[in-house]
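The values are calculated or read from the model by the stated rules, or taken from the named source; none is laboratory data. What you see is a predicted model; the values in this text were computed from it and never measured. Don't worry about glycine lacking a Cβ; one is built from the backbone with ideal geometry, like all the others, and counts go over all protein chains shown.
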Amino acid sequence: MTPTAPHEGLAPAADRVLGFTVGARNVRGRVVRLDAALNAVLSAHAYPPVLSDLLGQALVLTALLGSTLAEENDGQLTLQAQAKGGPVDLLVCDWRAGKVRGYLRHDGVPEATDPAALFGEGHLAITLDFAATGERYQGVVPLEGASLADAAEFYFFQSEQLPTLFRVAVRWDEARGWIGGGLLVQHLARAEIGGERLAVADMHPDWSHVLALASTTSEAELTDPDLSAEALLWRLFHEEEVRVHDGPVPARGCRCTLGHITSVIAQFPDDERAAMVGDDGRITVDCAFCARSFALTPEGAAA
């Protein structure tokens, strides 16, 4: 399928992942829009706007990266930032089978939005876990640059040796709430198509050309509810042969349930469960992701 001109009746889509390839340029990518899923995650916490914006950007990044995982591998991608010296000391988001969730821990409200003001000194870790094979991979990079997207680009440069461009934006709309959008563009390893490795030629003319086009993407375009993913790709690459395919529909998905919580607590010895009992005579388990509390009896059953 090739995206058509926007005037040909393409409808905008919310909470969507659209994958694409530019075969002649050895490029692949993703366009992500988060709408209801983003609002569902952010509404669970009373974050100040600047921190909702930060977590929103992290959720868009997580969706861009996580949606590249093959569903048959039952994989999970986790994006985690840990730091000290700033108001935010922990941020965690993950993606699994189209479900995204996230939260952050903070003390105070920053006056600026760059990583140095938000985190102080810290690192960004991207972890891949594959339940089907038991394999686990992790890359860690410093929290540097003007945004989380900059740190993620450095991760791919250092860990994967794949030239990568991210464009991420989040904004508040009075009528719709939070809207997030993102663009991921990567130059394929040339060994995959019989050519030289990108480590030898990371500024190949193909990549330079696509990079120049994709870099023009604006925050307004990424968060425009009336601009479909196809229309955005048509604006960027209408002179190229672009193939598109739908990815999983993103949704907010916290895996905490009363059944899961009770099964976990039941595995603790009696003396450890007794130490968990509060003044009200119950064991209370809080989920940081969805801000829900679960009350259990001292025996670990639902209260």
Yes or no: the range 189-209 includes at least one residue that is outside any loop (DSSP other than H, G, I, E, B) and modelled with pLDDT of 95 or more.
no
Being more than 30 Å from residue 47 (Cβ to Cβ) and basic (Lys, Arg) is the filter here; which residues of the range 266-303 pass it?
273
Count - residues of the range 261-298 that are surrounded by 13 or more Cβ atoms within 10 Å (Cβ to Cβ) and not β-branched (Val, Ile, Thr):
14
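For the range 234-259, enumerate the residues that are exposed (fewer than 12 other Cβ atoms within 10 Å of the Cβ) and within 25 Å of the chain's Cα centre (by Cα).
245
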Which of the residues that make up the range 148-174 are part of a loop (DSSP other than H, G, I, E, B) and more than 26 Å from residue 234 (Cβ to Cβ)?
161, 174
Does residue 134 qualify as being free of Cβ contacts under 8 Å to residues at least 12 places away in the same chain and either surrounded by fewer than 19 Cβ atoms within 10 Å (Cβ to Cβ) or within 15 Å of the chain's Cα centre (by Cα) (or both)?
yes
